[in-house]
Amino acid sequence: MASIELRNIRKAFGAVEVIKGVDLEVRKGEFMVFVGPSGCGKSTLLRLISGLEDITSGEMLFDGKVVNALAPSKRGIAMVFQSYALYPHMTVYENMAFGLTLEKGHSKDEIQQRVERAADMLQIRQYLDRLPKQLSGGQRQRVAIGRAITRDPKVFLFDEPLSNLDAALRVATRIEIAKLHESMDHVTMIYVTHDQVEAMTLADRICVLRDGLVEQVGTPMELYEHPNSVFVAGFIGSPKMNFISGEKAAAFNAETVGIRGEHITIVPDNGTWSGTVIHTENLGADSYVYLEMGTEEPVVVRLDGANDYKSGDVVHIAPMEDKIHRFDGAGKPIR
Amino acid sequence: MATDVMATPVAATGGKIKSELMQQRVRAARWFLLPMLIALAVVAGWPLLRSIYFSFTDASLNNIDGAEWIGFGNYFRVQQLASGAVRYRGLLVDADWWNAVWNTLRFAATSVFFEAVLGMVVALVLNAEFKGRGIVRAAILIPWAIPTIVSAKMWSWMLNDQFGILNDLGMRLGLLSQKVAWTATAETAMQAVLVVDIWKTTPFMALLILAGLQMVPKDIYEAAEIDGVHPIKQFFRITLPLVRPALMVAIIFRLLDALRIFDLIYVLTPNSSATKTMSVLARENLFDFDKFAYGSAMSTLLFLIIAILTIVYIWLGKVRFDGGDR
Ligand SMILES: Nc1ncnc2c1ncn2[C@@H]1O[C@H](COP(=O)(O)OP(=O)(O)OP(=O)(O)O)[C@@H](O)[C@H]1O
Ligand SMILES: [Mg+2]
């Protein structure tokens, strides 16, 4: 059980400031996801929390106590690395038990029990005698998670743990992590990803980072329904939100209006806007129609089921009035 | 199901292509190896066989072609003196030879041990990140880059009892009460040779180990950091097992080198029985004493000893030359 508080945290590598003053509170037992584009500082922030990287200025508190100078091993954390970081010369069992065998006060039986319990949770019991190189990527990832569980941490840190897995395994492991969080509801988890689907499905709360700063923190639905900026609106949700500016936006008293593909309907005539179909994608359960209507990027309309629009068709569309997001010139929402 | 049916023929051809590819590779490998094997046979295999042959003859320097086969005589023979006393002769009962064997083994074991330890320390330092690392890495190679003859001569002057800088320094600092003839005194000759050899070869060792260290992924040290592994434990439980393959190969290179040490001793401590090694003794007999056959017998034994030690080392150390079990 641990709550984590970041107070005006800054981190510079040499002259380059990478984290530019982050204030954030992660609550006890919460699943917090950091998302943001590549290079925005997600991994760095996670490493600051883990203690693997020194904080340049600001304060980091675990349960109200400053831990700026505390060694990683004393923070009660466990970390799952993107590259797994398993010890290549140790078996799965040794990998999972290594940390415990070095700590004082754990009997052999206790260590074995803890390793086996973690192995059972992740269904890697039959691989305990193998070396990491004899495992598949997904199995290695589970060993890395198992090693973290064995430490019985108060805080679980994940740095893009699924990015080396194929699509199917990603979904399966994502579900496993979600289950893990449910079964370990006293453990605070912080999870870094740039995949917004992972963020939406796993998070209690999402922290959107941009260029070393927190852009918005909130539950997935808060971010989806009330994005604090054009950046967040564009980052959360798939397909990406459509942005329309210029005269069409002025009609709504905004610099830019945003409308998600699922909140647009195609109407026979008298639509708010009209456009030419340039491309369609059928995914079976739903389908996307891409319209050219003078915006920077084509407007995407998401339809249930398949559709039979063809390139060149001219269609009329109507956004759902209450789902329109209006933004001012600075990219901030007009409410 | 459909995919299964589709996949089968593809997989079959895939397998065949692979085996053909393998055959092609093996054939190519043989052709590439051939020139080297021929060169080796000419410059190493043939001289070796000739040496072995001469060790069973009575060859001398001015009568090499007329050498006659005498069997094991150079190694061991029983001689009946006129007085009737029985004497054993030959290399196997030659005290000078066994002294040289002992010198060589002592030299090899000590120098390789210190080179491995110091080389590991240097490699660990060079593997850390600091400013000017590239320059330091290059600079540390200098002792190894200097030809042995040159560095041996250099050190022999530094160790000189009359004009040597080491004696001078020792006297000025009050560490020595009188000047020491480092290379000429039996007690210090071996130490002097060892110091020079370690000075010279540690960089080579360090470089080989450094190459091994750089293969160790960085992230597992971060995992160890989180696991709370003490740095000293990190070294013994993580670093050492992972560089072991590289270390073992480096040690075997050095061991082979040290067992046939010649130039350093020849220049630094000529004619000192405290340091005379197998190679030095063999050369002396071959060319200075005109006991060509006897010297050949020494060379042959030297070869056998090195071969046996190497095989034992590889077998006991489970050395693998393919980069280890990573
Ligand atoms: N050790 C370092 N030294 C110098 N700059 C660094 C270091 N580590 C990270 N950076 C810089 O800090 C910035 C943020 O890096 P970080 O790894 O946190 O990004 P990220 O959000 O995790 O990106 P990604 O999604 O690609 O993993 C990058 O511009 C990177 O170049
Ligand atoms: Mg990252």
Residue among B:Ile146, B:Ile135 that alone is more than 26 Å from B:Thr275 (Cβ to Cβ) and among the aliphatic types (A, V, I, L, M): B:Ile135
Condition check for B:Phe130: of a type outside the set (A, V, I, L, M) and under 21 Å from the mean Cα position of the chain (by Cα): no
Count of residues meeting criterion [among the hydroxyl-bearing types (Ser, Thr, Tyr) and open to solvent by 50 Å² or more (accessible area, probe 1.4 Å)] in the stretch B:85-137: 1
Those residues of the stretch A:59-104 which are within 12 Å of chain B (Cβ to nearest Cβ), on the phi < 0 side of the Ramachandran plot and of a type in the set (Phe, Trp, Tyr), in sequence order: A:Phe81, A:Tyr87, A:Phe98
Scan of the stretch A:200-227 for residues that are without any contact (Cβ under 8 Å) to a residue 24 or more places away in the chain, over 16 Å from A:Lys42 (Cα atoms) and crowded, with 19+ Cβ neighbours inside 10 Å, ordered by number: A:Gly218, A:Pro220, A:Leu223
Enumeration of residues in the stretch B:226-236 that are in contact with a Phe, Trp or Tyr (Cβ under 9 Å, 6 or more places away or on another chain) and within 8 Å of chain A (Cβ to nearest Cβ): B:Asp227, B:Val229
Residue within the stretch A:158-172 that is crowded, with 23+ Cβ neighbours inside 10 Å, within 16 Å of ligand 1 (Cβ to nearest atom), modelled with pLDDT under 95 and among the small types (Gly, Ala, Ser) present: no
Boolean, B:Ser111 is under 30 Å from B:Thr239 (Cβ atoms), of a type in the set (Ser, Thr, Tyr), part of a helix (DSSP H, G or I) and at pLDDT 90 or above: yes
Per-region count, the stretch B:63-108, residues closer than 18 Å to B:Leu286 by Cβ and assigned to a strand (DSSP E or B): 1
Residue pairs meeting the criteria (Cβ under 7 Å; at least 6 apart or on separate chains; first within 12 Å of chain B (Cβ to nearest Cβ), in the stretch A:41-53; second in a helix (DSSP H, G or I) and more than 7 Å from ligand 1 (Cβ to nearest atom)): A:Ser50/A:Pro72; A:Ser50/B:Ile226; A:Gly51/A:Pro72; A:Leu52/A:Pro72; A:Leu52/B:Glu222; A:Leu52/B:Glu225; A:Glu53/A:Arg47
Exclusive hit being away from ligand 2 (no atom under 15 Å from the Cβ) and either open to solvent by 20 Å² or more (accessible area, probe 1.4 Å) or more than 26 Å from A:Gln196 (Cβ to Cβ) (or both), set A:Leu100, A:Leu52, A:Leu6: A:Leu100
Test: B:Leu33 is in a helix (DSSP H, G or I), of a type in the set (A, V, I, L, M, F, W, C), at pLDDT 90 or above and under 30 Å from B:Tyr294 (Cα atoms): no
Strands (runs of 3 or more DSSP E) wholly inside the stretch A:260-335 that include at least 2 residues being of a type in the set (A, V, I, L, M, F, W, C) and in contact with a Phe, Trp or Tyr (Cβ under 8 Å, 6 or more places away or on another chain): A:273-282, A:299-304, A:314-319
Candidates B:Ala186, B:Ala246, filtered to the one that is within 14 Å of another protein chain (Cβ to nearest Cβ) and small (Gly, Ala, Ser): B:Ala246
Conditions (1) among the aliphatic types (A, V, I, L, M); (2) more than 24 Å from A:Leu303 (Cβ to Cβ); (3) away from ligand 1 (no atom under 16 Å from the Cβ): number failed by A:Met221: (2)
Test: A:Val92 is touching a strand residue (DSSP E or B) at 6+ places or on another chain (Cβ under 9 Å) and either outside the structural domain of A:Val192 (by TED's automatic domain parsing) or away from ligand 2 (no atom under 16 Å from the Cβ) (or both): no
Some residue of the stretch B:183-197 being over 30 Å from A:Met90 (Cα atoms), in a loop (DSSP other than H, G, I, E, B) and free of Cβ contacts under 8 Å to residues at least 12 places away in the same chain: yes
Candidate set: the stretch A:22-36, residues that are part of a loop (DSSP other than H, G, I, E, B) and open to solvent by less than 50 Å² (accessible area, probe 1.4 Å); chosen: the one nearest to ligand 2 (Cβ to nearest atom): A:Gly36
Pairs with Cβ under 6 Å, 6+ apart, first in the stretch A:116-145 and open to solvent by 30 Å² or more (accessible area, probe 1.4 Å), second at pLDDT below 90 and not in a loop (DSSP other than H, G, I, E, B): A:Arg142/A:Leu122
Close pairs (6 angstrom Cβ cut-off, 6 or more residues apart or separate chains): touching a residue at least 12 places away in the same chain (Cβ under 8 Å) in the stretch A:64-78, of a type in the set (Phe, Trp, Tyr) anywhere: A:Ala78/A:Phe156
Flag for B:Ala206 being open to solvent by less than 10 Å² (accessible area, probe 1.4 Å) and either in contact with a Lys or Arg (Cβ under 6 Å, 6 or more places away or on another chain) or within 10 Å of chain A (Cβ to nearest Cβ) (or both): no
Count of the stretch A:9-21 residues which are in a strand (DSSP E or B), free of Cβ contacts under 8 Å to residues at least 12 places away in the same chain and either over 22 Å from A:Phe81 (Cα atoms) or more than 7 Å from ligand 1 (Cβ to nearest atom) (or both): 1
Any hit, the stretch A:72-85, residues being within 16 Å of ligand 2 (Cβ to nearest atom), assigned by TED's automatic domain parsing to the domain that holds A:Ile145, open to solvent by 10 Å² or more (accessible area, probe 1.4 Å) and over 21 Å from A:Leu165 (Cβ atoms): no
Tally of residues being small (Gly, Ala, Ser) and surrounded by fewer than 19 Cβ atoms within 10 Å (Cβ to Cβ) across the stretch A:177-199: 2
Top-ranked residue in the stretch A:9-21 [being crowded, with 22+ Cβ neighbours inside 10 Å and within 16 Å of ligand 2 (Cβ to nearest atom); ranked as farthest from the other protein chains (Cβ to nearest Cβ)]: A:Ile19
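The values are calculated or read from the model by the stated rules, or taken from the named source; none is laboratory data. Treat the numbers as computed from the prediction; the structure is a model and nothing was measured. Cβ atoms come from the backbone with ideal geometry, glycine included; neighbour counts cover every protein chain shown. Remember, those area values only see protein heavy atoms, side chains included, never the ligands or the DNA or RNA. Shrake-Rupley method; radii C 1.70, N 1.55, O 1.52, S 1.80 Å.
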